[in-house]
1. Under 6 Å between Cβ atoms, at least 6 apart or on separate chains: pull out the pairs that start in the range 248-269 with a residue that is free of Cβ contacts under 8 Å to residues at least 24 places away in the same chain and assigned by TED's automatic domain parsing to the domain that holds Glu300 and end on any residue that is surrounded by fewer than 22 Cβ atoms within 10 Å (Cβ to Cβ) and outside any strand (DSSP E or B).
2. Tell me, which strands (runs of 3 or more DSSP E) lie completely within the range 1-61 with 2 or more residues that are surrounded by fewer than 17 Cβ atoms within 10 Å (Cβ to Cβ) and of a type in the set (A, V, I, L, M, F, W, C)?
3. Is it the case, given these coordinates, that Ala74 is under 25 Å from Gly142 (Cβ atoms) and free of Cβ contacts under 8 Å to residues at least 40 places away in the same chain?
4. Test of understanding: among Val237, Val245, which residue is more than 13 Å from the ligand (Cβ to nearest atom) and in a loop (DSSP other than H, G, I, E, B)?
5. Could you look through the range 193-207, keep only residues that are within 9 Å of the ligand (Cβ to nearest atom) and assigned to a helix (DSSP H, G or I), and pick out the one that is farthest from the chain's Cα centre (by Cα)?
6. Please work out which residue is farthest from the chain's Cα centre (by Cα), limiting yourself to the range 93-108 and to residues that are under 13 Å from Val70 (Cβ atoms) and aliphatic (A, V, I, L, M).
7. Regarding Phe155, is this residue modelled with pLDDT of 95 or more, aromatic (Phe, Trp, Tyr) and part of a strand (DSSP E or B)?
8. Give me the residue from the range 165-192 that is without any contact (Cβ under 8 Å) to a residue 60 or more places away in the chain and within 15 Å of the chain's Cα centre (by Cα) and, out of that set, farthest from the ligand (Cβ to nearest atom).
Amino acid sequence: MHLMVVGGAGYIGSHTVRQLLAVGHSVTVLDNLSSGHREALPATVELIVADLLDPPALKAALLSAKPDAVIHFAALIEVGESMRSPGRYYQNNVTGSLNLFQAIVETRKIPLVFSSTAAVYGDAESVPIPEDAPKRPTSTYGHSKWMVEQILHDFGVAHGLPYTVLRYFNVCGAAPDHTIGEDHPNKTHLIELALLTALGQREKMFVNGTDYPTPDGTCVRDYVHVMDLADAHVLAVQALSGGAVSGQAFNVGLGHGFSVRQVLDAVDAVVGTPLTREEGPRRPGDPPSLVADPSRIKSELGFDPKFTDLNGIVQTAWDWHRTHPHGFKS
Ligand code: UFG
């Protein structure tokens, strides 16, 4: 197949491009490069620099690239920033996605895989969380993704647009050959911050809250490796293009969680020196525990994650950061 990967120069997008190429598909990337990197893509991949807020450019890109399917990653992703700038989040994530879907139905009505998030569940009643758990986002970011899921539902009904939604839990790690990895303009993720602290770029690690109702009092998350997540996209787009039922949502996680303290212990073990830790107050908006029930994606798409050991996951991220201490600009 020929895939258009929207947001393909970003962290998850670039790893997915790599896995799509590895199994024989071809790719055109559309990205505005606001947080993505040309260097994250093989030189042979066509890159169209365009913005989701530019509908004529989207239609032109679809008509010139003639993809068989689209994978849509492009979005703003920071929970905290979304609470301070809701307008920016709704414009980029909701209006941008709407423009893309409209361009697709007006040009080539091709299957679409959409990147959603565990943030649509908000404070879950219990874990592990199945896909039909109540959707009660606690952030603008989560709301924006849930709104797009609802828009997709309506486009499916009205226009017969085939789509699949993947809801990611905490994505981490890097390609094992450490040529691509995580490099966001603003760093907020636990593992990335810890590894940059190990490189001396920050003084210490703050543990955000130790009084949660979890086994050790710190927040628990389901850490899924970016290469496994990339494989989930390959499976999803192939199944949908092969005629699988449209309109399904799948959690992408491992089904077990690690606490902030466990993650920092793993980082200490991998880098070989303990980081200075400071225990502080809770970070507003953090739910105590977010762990996926991944049974649906395992049984229906054959998802079979390879990176299940926390130290092994952290090792791939460490190999990327220590060889690229300043990301793609290193
Ligand atoms: N944390 C710290 N110290 C830090 C950074 C993070 O204690 O320096 C804590 C956070 O407070 C949280 C946990 O580590 O309890 C994980 O935080 P991250 O920022 O790494 O990730 P989040 O769980 O907040 O969010 C991520 C994505 C979201 C997605 C969510 C789904 O950024 O987009 O996973 O589970 F919705």
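The values are calculated or read from the model by the stated rules, or taken from the named source; none is laboratory data. Remember, predicted model here, so these are calculated numbers, not experimental data. Heads up, the Cβs are rebuilt from the backbone with ideal geometry, glycines too, and the neighbour counts pull from every protein chain shown.
1. Short answer, once both residue conditions are applied: Asp268/Pro274.
2. Ranges flagged: none.
3. no
4. That would be Val245, the only listed residue that is more than 13 Å from the ligand (Cβ to nearest atom) and in a loop (DSSP other than H, G, I, E, B).
5. Residue satisfying both the conditions and the ranking: Thr197.
6. The residue in question is Val105.
7. No, not satisfied.
8. Lys187
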